[in-house]
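Before any comments, here is the structure.
The values are calculated or read from the model by the stated rules, or taken from the named source; none is laboratory data. This one's a predicted model, so the numbers in the text were calculated from it and none came from an experiment. A quick note on method: Cβ atoms are made from the backbone with ideal geometry, for glycine too, and the neighbour counts reach across all protein chains shown. Keep in mind that these areas ignore ligands, DNA and RNA; they rest on the heavy atoms of the full protein, side chains included. Shrake-Rupley method; radii C 1.70, N 1.55, O 1.52, S 1.80 Å.
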Amino acid sequence: MRHAGACLVLILALTSFSLSQAGVGDPQLRTDHPWYPGELACSTFERLQETQAIAFQKVTGHLPQSDEDRALAAWMWRNIHYAHGEEGAQDLWGKGFQSGNCTTRNYWTGMFAHGFGLCGTTHAQWTAELNAILGHGRSRTVGVAGHNALEVFLKGGAYKDGRWVLLDHDVSTVVFDSTGERLLSIEEIRSDLSRITNPDFEPQRQRGWPLGGLHRDDPQAYAEFNVVEHLPGYAGPPPRVHLRKGETLRRYYQPGLEDGNTFVFWGRNYRANGIAGLERSRTWVNQPERFRGSPKGSGYQQGQARYGNAVYTYKPDFQSDAYKEGVTQETEREVILEFQTPYLIAATPPDDTDWGVYKTGARNGLQVRTRNAIPVSVSVDHGGSWHLAKYENGQADLTDFAKGSQQYWLKFEKSAQELASENLEIVTVCQANPAMFPRLKPNGTTVNFAATGLGLTSAGPTVPHAEQHVVAGAFNTPRVTLELTPPRNRAASHLYAAAHIASSNPPDPEVLYQIEYSTDHGSTWKPVVKDWNIVRQGNEPSDFWSQSFCYGDTAIDSDVPSSVQVRFRNNGGKKYLRCETHLAYPIQNQESCKITFAWTEAGGKERIATKIADSETPTEWQIETHDQVEMKWVELSPAGD
């Protein structure tokens, strides 16, 4: 056990901060593109539901009015933003990317960083969204023949007091009854499989929604109904970027970075059409206008969906104290800078094998460039372990130590004064889902910008990272407490917490799970999640996944800088396999934000548009565009840089 906050607070107490520190906290963009407006339209469940409703109205003529409408709106949106594919793992247990169940089950990481997932992955993540829309326990993943599907519990109208119905994103399938009155469950489908899953049977019953939308044979998987997973995914903190003074974030809409040939990714290398990394040939991504009313399905096109990149370039200014906005610890002999992203640090693999990203020798994910070979180490567990870099040709590549992570600390064994003449540059290349980037549309685009002014610090999701913050209890026991302190003497404004629990097979709905927090070192506790349980209702198969998630968030009701303790416990003796907690906090002296879009138009004409937006006030402006808009990149940075 380690009390992580005490040492940090003591060091920071010796550090002075001035008004020259600045940055941009949580900058977000939204355009009026009809399908791909960007993160400001979908970075919370409330915004996402509004955006889904607009898209649903576009294709049906009316806003969602019922549980069924809301479920179909969410299903359509996921089909056109997320594709089937073998995503890269996170080293959740500290035992390697291929040891244990390392599947990403966090909804926001899956959507913003990956954009790809296998059937069980996408549906586990998606339950967090569906439960946010419809209510606790209203969705579940279900094991069928060689496939993991999803069911959602709908109420009202033809569903009366409630029915489970199929809502399968991975194979783009819903099935209506023969009259088209209501959606069917897997159990109902399997009892009349050959007839009810035939797209040619009473096609009007589908109301234009796909059945076997990627391949007409996919629904044959519903011949079995084997296992259910309750609460198999969770929602961590919404995607949030903190750009420090001297830092830019450029997001590329296509693989290859600036030269078009530098492929940095996190997942299986499909090598489609000579482009390394993830891709999907059968998907509705990038052809959303065809989703409803296309009887022949999505079709096949190599590279129909691919990954994008988010590239952070940070040049801290050691000539002033502006660099302190990135400091987590500092002494007279060393400076430790922090980094956090909603995306995943990617890698150029050492070979072209399917899973080369996991091999030693990866590069281009995290690089440090200095005038001289300064000793630099990286930690992805808040200082629990460090990895010393080697320099070649004036730069150190630490990709092998940081790949697959969403945060790191960099330790430079020099004082800030000594670093002032080193021209330090840190480049972090992440994989990101380009379907979540803001796109310009032809014939003029309206762009909106807003920034909450918040940064984020985390303990987890990996066990080694979270263990640095355990102050009571332990993992693999029924009770554990984490403590986390915002950096730079800030006060936490919001808390997010999640737990991965061995909830048993079958799960007991009488077991109650609690998440509580304290801002006075455990003297008093307030609820984050109160009396959470696993809801079992309707028809069930005979087998269950023996694990589940408990998660929630709350505003912190104290504006005094303090550590925050988060306690996880239950009354059923169920063990916590891993837990994570995240704190949002206001950054200091927020700057204006410089925004740049780069794209091409008809004839390959290159265009760039730039705007300086006040980070304290939402901004709207118009960009002149013409025909055949193809996005290249969009960049954000503090305007003073």
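Descriptive notes on the structure:
- Cross-link table Lys245/Lys390; Lys324/Lys441; Lys414/Lys575; Lys245/Lys632, entries beyond 32 Å C-alpha to C-alpha: Lys324/Lys441; Lys414/Lys575
- Each residue of region 617-622 is assigned a 3J(HN,Hα), and the resulting list reads 9, x, 10, 10, 8, 10 Hz, derived from the Karplus form 6.51 cos²θ - 1.76 cosθ + 1.60 (θ = phi - 60°), x at Gly and Pro.
- In this calculation the C-beta distance from Thr610 to Ala223 is compared with R0 = 56 Å, giving a FRET efficiency of 0.50.
- Where GluC sites (Glu not before Pro) in DSSP loops with at most 12 other Cβ within 10 Å are excluded, longest remaining stretch of the chain: 1-180
- Region 97-160 versus region 520-555: alpha-carbon centroid distance in Å: 16
- Exposure rule at most 13 other beta-carbon atoms within 10 Å, DSSP loop trypsin sites (Lys or Arg not before Pro): the chain longest free segment: 391-641
- Note that region 581-641, at 4 °C in a medium of 1.567 mPa s, gets a Stokes-Einstein diffusion coefficient of 94 µm²/s from its Kirkwood radius over C-alpha pairs.
- Only helices enter the 222 nm calculation for the chain: every DSSP H run of n ≥ 4 contributes -39,500 (n - 2.57), and dividing by all residues gives -3500 deg cm²/dmol, rounded to 500.
- Its convex hull of Cα atoms gives region 138-222 a direction-averaged projected area, equal to a quarter of the hull surface, of 5.1 nm².
- Over all other residues within a Cβ to Cβ distance under 13 Å of Thr51, the charged ones net out to 0, with Lys and Arg as +1 and Asp and Glu as -1.
- Using a simple spin-label model with pseudo-atoms 7 Å out from Cα toward Cβ, Glu181 and Trp355 lie 4.9 nm apart.
- Extension gain, Ser542 back to Gln65 (0.36 nm per residue minus Cα-Cα distance, nm): 168.3 nm
- Between helix 45-60 and the chain: long-axis angle, C-alpha atoms, 0 to 90°, nearest 10: 40
- 0 to 90° range, to nearest 10: angle between helix 119-134 axis and the chain longest Cα axis: 90
- Computed FRET value (nearest 0.05) for Glu601 with Tyr300, which takes r as the C-beta separation and R₀ as 30 Å: 0.60
- The chain: angle of helix 4-13 to the longest principal axis, Cα-based, in degrees nearest 10: 40
- Surface analysis of region 119-213 yields an accessible area of 31 Å² per residue, using protein heavy atoms and a 1.4 Å probe.
- Accessible area of region 507-637 divided out per residue, in Å², using a probe of 1.4 angstrom: 46
- Inverse mean reciprocal Cα-Cα distance (Kirkwood Rh) of the chain, Å: 25.3
- Cα-based Kirkwood hydrodynamic radius, region 204-328, one decimal, Å: 19.1
- Ratio of the Cα radius of gyration of region 330-483 to 2.2 N^0.38 Å, where N counts its residues: 1.25
- In order along region 565-580, the phi-based Karplus estimate (6.51 cos²θ - 1.76 cosθ + 1.60, θ = phi - 60°) of 3J(HN,Hα) comes to 9, 10, 10, 10, 7, 8, 9, x, x, 7, 7, 8, 6, 7, 9, 9 Hz; Gly and Pro are listed as x.
- Radius of gyration and Dmax over the Cα atoms of region 187-255, both given in Å: 21.5, 62
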